[in-house]
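Engineer: Pasting a structure below so you can have a look.
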Amino acid sequence: MADIPKNTSQGPRGPKPKRAFSRGNIFLYGTLIVVSMYYLLPLYVMIVTSLKGMPEIRMGNVFGPPMEITFEPWVKAWSEACTGINCDGLSRGFGNSVRILIPSVLLSIMIASVNGYALSNWKFKGSESFFTILIIGAFIPYQTMLYPIVIMLREIGLMGSIGGLVLVHTVFGMPILTLLFRNYFASIPEELFKAARVDGAGFWQIYFQIMVPMALPIFVVAIILQVTGIWNDFLFGVIYTKPATYPMTVQLNNIVNSVQGVKEYNVNMAATLLTGLVPLVIYFASGKLFVRGIAAGAVKG
Amino acid sequence: MTVDSEPLRARSGKRPSRLFKNWMAKLATVPMILTALVVFVGGTAWTITYSFTGSRMLPKTNWVGLDQYERLWSSDRWMISIKNLGIYGICSLVLTLVIGFTLAACLDRKIRFEGVFRSIFLYPFALSFVVTGLAWQWILNPDFGMQNVVRDWGWTTFNFDPLNNPDIVMFGLLIAGIWQGSGLIMCIMLAGLRGIDEDIWKATKVDGIGTVKTYVMVIIPMMRPVFVTALVLIAAGIIKLYDLVVAQTGGGPGLSSEVPAKYVIELMFRAQNLGQGFAASTMMLCSVVIILIPWAYLEFGGRKRG
């Protein structure tokens, strides 16, 4: 009904003025802004706390901006914070996490992409059943498989080492990545595959020369998915590594939740931010691809 | 599968052994087959089997029947864990769905800066539970955190200290958990909303149905599959709840924020009571099965018919 006078009057205020500040819109933006504050609050608090000195934290307001900006907590978190007897800061955990991350991401994506390719183009008797088991496995709570894996790793002599954790990440990343690649390869026209077969190309030739170049975007999605997932892992890190090889998340938890000494909240927050930095950078740099990755993760059923 | 093997066999007169047909594909998927059979099936079966033993420090085969389960269900700590997970689970499920859908609906109203808002709602999901837990631990710190700030504003009797109050500690975890996870659900809901035909909106406008009513009466029923996916995702996440608790509360104060996943790990790796840990993890598996079977039935049972 409101549309009729608008069309006939053509007032001086220009086109479509009525939508800009309607009551509904104010309510809508108001809600979104208030909710945004809840989401941004922890990040803001972490940043300002990590830039304050301890005296200012003790007297002050957790939401207030720092009066005197200091980067000392960051330096301390990186190179001096203590876990137990070791006082070499988070840098050790960071190094471990990188050494875990790179081989895990490469290995898991290599295996999963070959799986996806074989499952969509080279089906054999039983291949679908193995795939179904794999997908069901993604829903089994990790707790049910933790101890058998301890035994397996002990048997092959990798318990407590970075290599062992790499294997664990490869195994548990496999269901979702295989699904991702299988769905992608299944969407590539089969004629392409058949033509290559007629030309005499074999399993690996088709994989490397046709499939991999075509699947580059999905490789990027898989990398994003794995890097954030493996970097953020805590459970496997705490169980399958020992203090010298703890990944960053485990070391962070030990630093912040250690009961000894005076709590230095600014150092703790700097350490927390340092740990969160890698996935945050990936998130903001990758934008839509990150969403695509989690959307792929979401449909894993 | 048997269908496409027929022409191949007919072409090659020798009829090679079936085992070696496609042998490179089979060889290439050996890691997958091993993962599926040895780790997933084998590992799970092993744990279930050993949950009927009295293993303590090392797994042993001294069968004790259902003793571990009896002990489990009479353990205070386990009962607290279950109760906590129930409270957390129900609240988290309802709130995450409501918040996720509301935010998605807000973003779907053709607003400006949609990308900015979406990035803000989703970024916590990129962070680990450890980071989430530690950040909220600091904000909820009674002496320097939110409680202190609100008191300084003049409301001197303001009391919100979930990390030291056993009655509300689960809600402290809930605030953090929802902060971390609701962006994902928003994203899924938004994708669902984008899949709904514009004409629906035109039709309801013509009929004079209000916006909110359209969402509740028309859109939500249409989005049933999206809701089911979201539900399964949230439920799977809830059962896994572990890192957040370890980082934010450590299970305390006392035992008041213990959860089943933590119980399993503490008994297996700290208390050296393997059998008890196996029994508890088997119960976790059961709960997943209970959630998944109706869903799988709805999802795949329906698809086969269609």
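Engineer: Could you check the range B:240-306 for helices (runs of 4 or more DSSP H) lying wholly inside it with 2 or more residues that are at pLDDT below 90? If you could, list the steps in order and put the result at the bottom.
Structural biologist: Numbers: elements: B:243-248, B:260-269, B:274-296, B:302-305.
The helices (runs of 4 or more DSSP H) meeting that bar are B:274-296, B:302-305.
Engineer: Open to solvent by 60 Å² or more (accessible area, probe 1.4 Å), at pLDDT below 90 and within 14 Å of another protein chain (Cβ to nearest Cβ): does that describe A:PRO55?
Structural biologist: yes
Engineer: Of all residues being closer than 20 Å to A:ASN257 by Cβ and among the aromatic types (Phe, Trp, Tyr) in the range B:263-278, which is most open to solvent (accessible area, probe 1.4 Å)? Just the residue, please.
Structural biologist: B:PHE269
Engineer: Let me ask another. Can you name the residue in the range B:200-225 that is assigned to a helix (DSSP H, G or I) and within 11 Å of another protein chain (Cβ to nearest Cβ) and is also least open to solvent (accessible area, probe 1.4 Å) among such residues?
Structural biologist: B:THR211
Engineer: Test of understanding: among A:TYR265, A:TYR283, which residue is open to solvent by 20 Å² or more (accessible area, probe 1.4 Å), at negative phi, facing chain B (nearest Cβ under 7 Å) and of a type in the set (Ser, Thr, Tyr)?
Structural biologist: A:TYR265
Engineer: Quick check on A:SER108: is it within 30 Å of B:MET24 (Cα to Cα) and either loosely packed, with under 14 Cβ neighbours inside 10 Å or out of contact with any Cys (no Cβ under 7 Å at 6 or more places or on another chain) (or both)? Give the derivation first.
Structural biologist: Details: within 30 Å of B:MET24 (Cα to Cα): yes; either loosely packed, with under 14 Cβ neighbours inside 10 Å or out of contact with any Cys (no Cβ under 7 Å at 6 or more places or on another chain) (or both): yes.
So A:SER108 passes the test.
Engineer: Mind checking which pairs have a first residue in the range B:198-215 that is of a type in the set (Gly, Ala, Ser) and a second that is open to solvent by less than 60 Å² (accessible area, probe 1.4 Å), Cβ under 9 Å, 6 or more apart or different chains?
Structural biologist: Between residues of the range B:198-215 that are of a type in the set (Gly, Ala, Ser) and residues that are open to solvent by less than 60 Å² (accessible area, probe 1.4 Å), the close pairs are B:ALA203/B:VAL218; B:GLY210/B:THR204.
Engineer: Sticking with this structure for a sec: Scan B:GLY237, B:GLY192 and give me the residue that is under 21 Å from B:LEU95 (Cβ atoms) and touching a Pro at 6+ places or on another chain (Cβ under 9 Å).
Structural biologist: Every option except B:GLY192 fails the conditions.
Engineer: Here is a further query. Which of the residues spanning the range A:201-215 are within 14 Å of chain B (Cβ to nearest Cβ) and not aliphatic (A, V, I, L, M)?
Structural biologist: A:GLY202, A:PHE203, A:TRP204, A:GLN205, A:TYR207, A:PHE208
Engineer: Residue check: is A:SER187 polar (S, T, N, Q), touching a residue at least 60 places away in the same chain (Cβ under 8 Å) and more than 25 Å from A:LYS76 (Cα to Cα)?
Structural biologist: no
Engineer: Filter the range B:17-71 down to residues that are part of a helix (DSSP H, G or I) and among the small types (Gly, Ala, Ser) and give me whichever is most open to solvent (accessible area, probe 1.4 Å). Steps first, please.
Structural biologist: Applying the first criterion (part of a helix (DSSP H, G or I)) to the range B:17-71 yields B:18-20, B:23-28, B:30-50, B:67-71.
Of the ones still in play, those that are also among the small types (Gly, Ala, Ser) are B:25, B:28, B:36, B:42-43, B:45.
Numbers: B:ALA25: 1, B:ALA28: 15, B:ALA36: 0, B:GLY42: 30, B:GLY43: 1, B:ALA45: 49 Å².
Among those residues, the one meeting the criterion is B:ALA45.
Engineer: Ok, one more. Any chance the range B:245-262 includes a residue that's within 23 Å of B:THR53 (Cα to Cα), away from every other protein chain (no Cβ under 12 Å) and open to solvent by 20 Å² or more (accessible area, probe 1.4 Å)?
Structural biologist: no
Engineer: Given (1) modelled with pLDDT of 90 or more; (2) β-branched (Val, Ile, Thr); (3) in the same structural domain as A:TYR44 (by TED's automatic domain parsing), where does A:VAL62 come up short, assuming only one miss?
Structural biologist: It is condition (1) that A:VAL62 fails.
Engineer: Here's a check for you: in the range B:112-136, which residue that is closer than 26 Å to B:PHE160 by Cα and open to solvent by 40 Å² or more (accessible area, probe 1.4 Å) is modelled with the lowest pLDDT?
Structural biologist: Across the range B:112-136, the extreme among qualifying residues is B:PHE125.
Engineer: Got at least one residue in the range A:267-286 being among the aliphatic types (A, V, I, L, M), more than 26 Å from A:THR178 (Cα to Cα), assigned to a helix (DSSP H, G or I) and touching a Lys or Arg at 6+ places or on another chain (Cβ under 6 Å)?
Structural biologist: Yes, that holds for at least one residue.
Engineer: Kindly provide the set of residues from the range A:179-209 that are more than 17 Å from A:MET110 (Cβ to Cβ) and buried (at least 16 other Cβ atoms within 10 Å of the Cβ), ordered by number.
Structural biologist: A:ILE188, A:PHE193, A:ALA196, A:ALA201
Engineer: Scan the range B:72-84 residue by residue and report those that are in a helix (DSSP H, G or I) and not basic (Lys, Arg).
Structural biologist: The first filter runs over the range B:72-84 and keeps only residues in a helix (DSSP H, G or I), leaving B:72-73, B:76-84.
Within the range B:72-84, B:LEU72, B:TRP73, B:ASP76, B:TRP78, B:MET79, B:ILE80, B:SER81, B:ILE82, B:ASN84 meet the criteria.
Engineer: Is it the case that some residue within the range B:179-199 is under 19 Å from the mean Cα position of the chain (by Cα) and part of a loop (DSSP other than H, G, I, E, B)?
Structural biologist: Within the range B:179-199 (the criterion being under 19 Å from the mean Cα position of the chain (by Cα) and part of a loop (DSSP other than H, G, I, E, B)), the answer is no, since none of the residues qualifies.
Engineer: Hey, B:ALA230 hits all of (1) within 11 Å of chain A (Cβ to nearest Cβ); (2) under 23 Å from B:VAL98 (Cβ atoms); (3) open to solvent by 40 Å² or more (accessible area, probe 1.4 Å) but one; which does it fall short on?
Structural biologist: It fails just one condition, (3).
The values are calculated or read from the model by the stated rules, or taken from the named source; none is laboratory data. What you see is a predicted model, and the numbers here were worked out from it, not measured in a lab. No Cβ is skipped: glycine too gets one built from the backbone with ideal geometry, and neighbour counts run over all protein chains shown. Surface areas here come from the heavy atoms of the whole protein model, side chains and all, with no ligands, DNA or RNA. Shrake-Rupley method; radii C 1.70, N 1.55, O 1.52, S 1.80 Å.
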